[in-house]
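Written out below as structure tokens is the structure these notes cover.
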Amino acid sequence: MNSRNQTRLIAYMALYAALYVVLKFVGNYIPFLQMPQGGSIEIELIAIFVASWHLGWKYGIGVAMLCWLVTFVMGSGRWYLNPMQYSLDYFLPLIAVGVASLLGTKSDKKYYIGVIASMVLKFMSNVLSGVYYWPPEEAVAGSSAAWAYSLSYNLWYNLVTCIVCVIVVPLLIKRLQNANVLK
């Protein structure tokens, strides 16, 4: 890779990370997007999804990790119990989004399949964290009550995030393709 392409790649990665941070910041000020005990409708994931298809899944993971690092330095991700909980809540969900282009097939529906598959992986990570680290007050970690609570708590905002991304991401990608930004 020549230095011009490498510079362009770094610029795109920085652009997507900046877009992620801006969308996260805006989303934090929209009250109906927030859950009472953590979690939200995450419009900022749009930036990582688009980065995954624009730059490829490897750089999509790089953008996701850059987004994690920037938001961590800015104070997001303050709920920390241990490394496994932190990974399940913050780290692994972003990686799942970063690999969206790998999970999407080569069909016309690849954007939809990639977004949905990534969101299912993200949801599973959030549920596992809820079951073992954030059970309801009267329940024991790993119990059926913890599973029921975590599934119901994480389902709605992940589902709405998935719907928003399934609508917006293909539109943005097609727009970028029409502008000859994407291949």
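Quick notes
- Taking 15 Å as the straight-line reach from the Cα of K122, the aspartates and glutamates in range (excluding those fewer than 8 positions away in the same chain) are E42, E44, D89.
- Estimated 222 nm signal from helices in the chain, with DSSP H stretches of n ≥ 4 weighted -39500 (n - 2.57), rounded to 500: -23000 deg cm²/dmol
- Extended-chain gain in nm, criterion 0.36 nm per residue less alpha-carbon gap, V26 and R8: 3.8 nm
- Surface accessible to a 1.4 Å probe, per residue, for the residues of the chain, Å²: 56 Å²
- Taking trypsin sites (Lys or Arg not before Pro) across segment 3-97, the ones in a DSSP loop with at most 11 further Cβ atoms lying within 10 angstrom of their Cβ are R78.
- Only the Cβ atoms of Lys and Arg (+1) and of Asp and Glu (-1) were treated as charged; on that basis the dipole of the chain about its Cα centre amounts to roughly 940 debye.
- Model label sites at S152 and K109, defined 7 Å from Cα along the beta-carbon direction, differ in position by 3.1 nm.
- When the chain is treated as a GNM with alpha-carbon contacts under 10 Å, the residue of N28, N82, N126 showing the greatest mean-square fluctuation is N82.
- Distance between the C-alpha centres of segment 157-183 and segment 105-137: 17 Å, rounded to the whole angstrom.
- Subtracting the Cα-Cα distance of A18 and I167 from their residue separation scaled by 0.36 nm leaves 51.5 nm.
- Angle in degrees between helix 110-133 and the longest Cα principal axis of the chain, rounded to the nearest 10: 30 degrees
- Stretch gain in nm, segment V160-S144, where the contour uses 0.36 nm per residue and the Cα spacing is subtracted: 3.3 nm
- Rounded FRET efficiency, nearest 0.05, which uses the C-beta distance separating V120 from S87 and R0 of 22 Å: 0.80
- Segment 1-128, accessible surface, carbon-and-sulfur percent (1.4 angstrom probe): 69 percent
The values are calculated or read from the model by the stated rules, or taken from the named source; none is laboratory data. A quick note: this is a predicted structure, and the numbers were derived from the prediction, not measured. For neighbour counting, all protein chains shown are included, and Cβ atoms are generated from backbone atoms with ideal geometry for every residue, glycine included. These area figures cover heavy atoms from the full protein model, side chains too; ligands, DNA and RNA do not enter into them. Shrake-Rupley method; radii C 1.70, N 1.55, O 1.52, S 1.80 Å.
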